[in-house]
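K.L.:
Before I ask anything, let me first share the structure, which is written out below as structure tokens.
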């Protein structure tokens with residue numbers, strides 16, 4: 001069997017972190033492992049790789065058709081063709097919100113990938129784990145992600161270890177095991193200390209565990225790395241108000257509205273300000289009139 005890293009362009013096997021990864025733990029994000037699309041699939045000479053490129057492009061236009069094409073491809077396919085068919089089937093399934101189909105396809109792709117191709121196995125395993133998490137099965141997600149992390153370690157891939165670790169923490173929180181969720185977060189931070197996402201997630205989790213001093217230290221690290229990040233400013237305000245520092249909370253939420261006035265975070269900041277009896281000093285965009293707050297300042 002031709003090794004996947006020789007058969008397929010790197011972009012076709014790529015998996016990246018969740019685009020909404022800054023969201024608080026416990027609210028699983030939708031999959032964001034959509035590979036980068038080649039500019040022109042017709043220029044790919046390998047027929048198997050060309051089929052995958054075409055199928056991936058089809059997902060953007062008609063995911064249901066891509067889903068059907070992948071199923072047809074699987075019929076009678078062998079070797080690497082089965083792997084790429086399951087790869088596309090899994091991604092099409094995520095686009096359609098068919099999370100059970102997605103995880104089944106990704107696990108099939110992982111299991112049919114040769115043992116000596118740990119990097120590809122880690123990617124598929126991480127995809128399966130994320131699909132299980134979004135699909136409401138954190139226990140199974142945890143098992144998939146642990147295997148993915150092991151494969152990523154074998155492949156010496158720090159980015160894939162980080163992806164698996166972050167979703168492991170989400171799965172543990174969903175299972176009510178918040179204290180245990182700190183360990184994979186620390187792993188992610190140690191491997192990507194300059195990335196703000198891990199620090200933000202750690203701050204959110206520590207705040208939920210009522211460890212406000214530690215949460216403050218973590219959110220300060222996140223803010224130092226990404227001072228314009230609206231989600232970080234939003235969380236900083238929550239930590240501040242729960243710590244009895246209302247002025248600091250007001251300043252944080254006001255800064256969110258100034259730096260990202262049309263964002264969902266700004267709408268939430270407006271609601272939080274209303275809860276503490278403060279009026280925003282910056283005008284709100286007409287298209288982003290916030291709904292009245294219906295909940296107290298709690299993790300979203």
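We did not get these values from a lab; they are worked out from the coordinates using the rules stated. The shown structure was predicted, so the numbers you read here are calculated from the model rather than taken from an experiment. For neighbour counting, all protein chains shown are included, and Cβ atoms are generated from backbone atoms with ideal geometry for every residue, glycine included.
K.L.:
Quick one: length gained pulling residue 258 to residue 220 fully straight, 0.36 nm per residue minus the C-alpha distance?
P.N.:
11.8 nm
K.L.:
Using the 10 angstrom Cβ neighbour count as an exposure proxy, how do 194, 95 rank, fewest first?
P.N.:
Fewest to most other Cβ atoms nearby, the residues stand as 194, 95.
K.L.:
While we're on this one: Would you kindly state how much longer the chain becomes between residue 150 and residue 116 on full extension, computed as 0.36 nm times their sequence separation minus their alpha carbon distance, in nm to one decimal?
P.N.:
Gain on stretching residue 150 to residue 116: 10.9 nm.
K.L.:
Can you give me the distance in nm between label points at residue 242 and residue 193, each placed 7 Å from the Cα along the Cα-to-Cβ direction?
P.N.:
2.6
K.L.:
Also, I was wondering about something else. When you have a sec, figure out the Kirkwood radius of the stretch 75-201 from all distinct Cα pair distances and drop it here in Å to one decimal?
P.N.:
14.6
K.L.:
Now a separate question. State the extension gain, in nm to one decimal, for the chain segment bounded by residue 175 and residue 274, taking 0.36 nm per residue of separation less the distance between their alpha-carbons.
P.N.:
Contour length minus Cα-Cα distance gives 32.4 nm.
K.L.:
Rounded to the nearest 0.05, what FRET efficiency is calculated for residue 100 and residue 228 with R0 set to 25 Å and r the Cβ-Cβ distance?
P.N.:
0.05
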